[in-house]
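Some notes on the structure that comes next.
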Amino acid sequence: MRITTAAKLCLLFLISQSAFTQSSGITVVKAGRLIDGKSDAVKNNVIIRIEGDRIVAVGPNVEIPAGAAVIDLLNSTVLPGLIDAHTHVLLQGDITTEDYEVQVLKESIPYRTLRAAKAMRTSLMHGFTTLRDLGTEAAGYADVDLKKAVQNGVIEGPRLIVAGLAINATGRYLLSNRDFAWELKMPKGVQEITGIDEGRRAVREQVSYGADWIKVYADQSYYQLPDGSFRSIQNFTKEEMQAIVDQARMLRKKVAAHAVTRDGVLYAVEAGVSTIDHGFALDDDCIRAMVAKGVYWCPTITVADYVAEGRAQAGNSMNKSMLERLPVVFAKAHKAGVKIAFGTDAGGFDWLAVNQAREFGFMVKWGMSPMQAIHTATTVAAELLDMKGQIGEISPGAFADIIATNEDPLKDISALERVGFVMKGGRVIKRE
């Protein structure tokens, strides 16, 4: 008996429907090599059982229920989804001040938000399932909307932890073109404050709009002394910085400080910030203070490398000079026990041109083992975000954020720039 094409299609549909209705709602990942984000040891031939968006069991003898969807990664190295703890999804690269000003002055916030959605999708496809986004740079609270859009399934992207508008002192964050007429109210990339009361008000306002973290610009105007050390100008008084941190703590929020030299780092650490971001010119006093207070460092090496040459050609060689010293600073901080969390400042570089995972290569070259570097983007970053046990590890109870590469990142850390499999919250996003 001959079966018509229509009958074949109908039969295939019925079979697929039957398979769907018989599915147990359980997914199983077979991992050939597992780096779980917590241990220094690699586990071989491990089964990861997932129900919904969470991992429920991990081990060599985990039961595979009938009807479970099975994903075979036996020829791959499997890791937790990566965490980048310093990004700007609403920026698309700013080597020069003109790059920045074009985005702030010529692109509307809706347009920048659409571009951000594309950047987030790119980041997710590279294996980054969680981002801490530290400032919208004149885009209001569009980051809060992007966070909600991901949570509600409107767009596909990493889960976001957001900071809204960063805080700076009045007059300390101007557009570089000072030729605008003074009557014009030009956009500001930050929320400006003067005095303790305004600092507290800014924190309260930002939290009311949905900020998860508070971001402050602790210093700027960097310069180099004859002895080779770097200095800067503090943006706040000590009292203003303390008020911001105290108010954030009252609202159960943490503070991230953009700080580059000792002038910005030391008073920010003393006030009680949780992270120093950039810190290209940390000195021995900074390192000791950060270790004593348990402050995390997001070194953002990738952006330092990305902007150095272009800014030098434009007449500002400070980033290039700091980059030359950064390997020594990094090695010294690592050896001293500073808690280093993975943070790239993506958005300061072009999301489409540079893979965030490039940061790992610098870390390994400058003194970390590949496993230590991986931990900066898994358990260390998860602890920074107060999400230990939920992200950055493959263990029961954690979100099913899983990536894989066909290479061994412990032999060649650049393998993490070639991730072929991405799962976020139990959903397969990429499978090559």
Query raised in the report: Which pairs, out of K253/K320; K188/K430; K38/K238; K38/K293; K320/K430, put more than 26 Å between their alpha-carbon atoms?
Result: K253/K320; K188/K430; K38/K238; K320/K430
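Classify the range 282-432 as rounded, prolate or oblate from the Cα gyration tensor: take a ≥ b ≥ c as the square roots of its eigenvalues, call it rounded if a/c is under 1.5, otherwise prolate when a/b beats b/c and oblate if not. Could the numbers behind the result be given before it?
Numbers: a/c = 2.04, a/b = 1.34, b/c = 1.53.
Oblate is the answer for the range 282-432, as a/c is 1.5 or above yet b/c matches or exceeds a/b.
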Query raised in the report: Just going by the charge dipole of the chain, with Lys and Arg at +1 and Asp and Glu at -1 on Cβ, which of S232, W297, L73 is farthest out on the positive end?
Result: L73
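Can you work out D for the range 261-349 in µm² s⁻¹ from Stokes-Einstein, where Rh is the Kirkwood radius over C-alpha pairs, the temperature is 25 °C and the viscosity is 0.890 mPa s?
Values: Rh = 13.2 Å.
D = 185 µm²/s.
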**Report entry** Charge context of E156, other residues only, Cβ under 10 angstrom, K/R +1, D/E -1
**Finding:** +3
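Can you give the charge dipole size of the chain about its Cα centre, rounded to the nearest 20 debye, using +1 on the beta carbon of Lys and Arg and -1 on the beta carbon of Asp and Glu? Could you put the intermediate results ahead of the total?
Numbers: 49 positive and 50 negative charges, 238 e Å.
Magnitude of the dipole: close to 1140 debye.
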Query raised in the report: At what distance in angstrom do the alpha carbon centres of the range 336-385 and the range 85-105 lie from each other?
Result: 21
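From the Cα gyration tensor of the range 162-311, with a ≥ b ≥ c the square roots of its eigenvalues, which class applies: rounded if a/c is under 1.5, or else prolate if a/b is larger than b/c, or else oblate?
Numbers: a/c = 1.66, a/b = 1.07, b/c = 1.55.
Verdict is oblate for the range 162-311.
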Requested in this report: Rank P187, P226, P80 by mean-square fluctuation in a GNM of the chain with C-alpha springs under 10 angstrom and give only the top-ranked residue.
Outcome: P226
**Report entry** Structure-derived semi-axes √(5λ) of the Cα gyration tensor in Å - corresponding label in (1) 33, 28, 19; (2) 38, 25, 21; (3) 41, 25, 20
**Finding:** (3)
Query raised in the report: How many angstrom lie between the C-alpha centres of the range 136-208 and the range 54-80?
Result: 42
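Every number in this text was worked out from the coordinates using simple rules, so none of it is lab data. Given the structure is predicted, the values throughout are model-derived calculations rather than measurements. Here the Cβ is made from the backbone with ideal geometry for all residues, glycine too, and neighbour counts use every protein chain on show.
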